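The values are calculated or read from the model by the stated rules, or taken from the named source; none is laboratory data. Owing to the predicted nature of the structure, the values given are computational and were not obtained by experimental measurement. Don't worry about glycine lacking a Cβ; one is built from the backbone with ideal geometry, like all the others, and counts go over all protein chains shown.
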Amino acid sequence: MFLHQPPSTAATECLYRSDRDAAGYVMNLSRAWAWRPDIAEAFSALRRALTSQTSLTTRETAVIVCATAASLGDAYCALAWGSRLAAEADPATAAAVLTSASSDGLSAREGALACWARMLVMNPNATTASDVAGLRAAGLSDLDIFDATALAAFRLAFSTINDALGVAPDVQIARAAPAPVRQAVRFGRPCADEAA
């Protein structure tokens with residue numbers, strides 16, 4: 001990343017320990033967010049609040065995040081969430097969402113959510129009432145539509161911070177991703193070991 005390592009404090013060590021406990025290593029993004037562990041926790045709390053009470057499925061959430069990350073050109077989240085979508089659906093479907101290649105393998109709701117997420121990245125001011133009507137026609141409630149929009153906006157904010165500060169994807173995340181997902185992610189920053 002472009003920032004220096006933050007000083008070691010109780011809060012940064014807590015953030016790093018959480019990564020080690022969950023993943024076995026300190027993630028590159030945590031090294032950036034360790035400059036403000038309080039904000040990192042607030043983002044995590046917001047994500048938990050968004051996902052814990054939504055009627056959107058885990059798979060639908062993964063579609064939204066993959067479409068958002070890919071449209072923004074964020075390799076880090078595309079690799080991580082592409083793997084999640086591959087586990088929920090299959091690797092080919094995840095790769096298709098990441099490349100905008102096809103809606104095969106997606107339900108009508110999922111296809112509509114992917115299109116909506118891409119639209120929000122490209123130009124949120126260009127959305128229309130008919131776009132929202134199309135989401136309703138695909139079976140999404142107004143609460144679903146709000147949640148999907150909030151999830152995409154959250155991902156945009158999170159990814160923008162990481163990308164702007166030069167946070168490279170962890171090689172561990174890339175290696176764990178299915179081959180079709182890795183092949184689909186031909187955008188964004190290269191993995192940390194590839195960038196060196």
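Taking the conditions exactly as written (assigned to a helix (DSSP H, G or I), in contact with an Asp or Glu (Cβ under 7 Å, 6 or more places away or on another chain) and at pLDDT below 95), does LEU50 satisfy them or not?
Yes.
Residue under question is SER100, and the condition is that it be within 25 Å of VAL171 (Cα to Cα) and surrounded by fewer than 23 Cβ atoms within 10 Å (Cβ to Cβ); does it hold?
yes
For SER130, state whether it is surrounded by fewer than 17 Cβ atoms within 10 Å (Cβ to Cβ) and in contact with a helix residue (DSSP H, G or I) (Cβ under 7 Å, 6 or more places away or on another chain).
no
Tell me, please, whether a residue that is touching a residue at least 24 places away in the same chain (Cβ under 8 Å), in the same structural domain as LEU79 (by TED's automatic domain parsing), β-branched (Val, Ile, Thr) and surrounded by fewer than 23 Cβ atoms within 10 Å (Cβ to Cβ) can be found in the range 161-169.
yes
Can you tell me which residues in the range 1-50 are of a type in the set (A, V, I, L, M), under 18 Å from CYS77 (Cβ atoms) and in contact with a helix residue (DSSP H, G or I) (Cβ under 8 Å, 6 or more places away or on another chain)?
MET1, ALA23, VAL26, MET27, LEU29, ALA32, ILE39, ALA40, LEU46, LEU50
If I ask for residues that are over 16 Å from THR68 (Cα atoms) and either within 21 Å of the chain's Cα centre (by Cα) or among the acidic types (Asp, Glu) (or both), which ones from the range 118-134 would you list?
Result: ASP131, single match.
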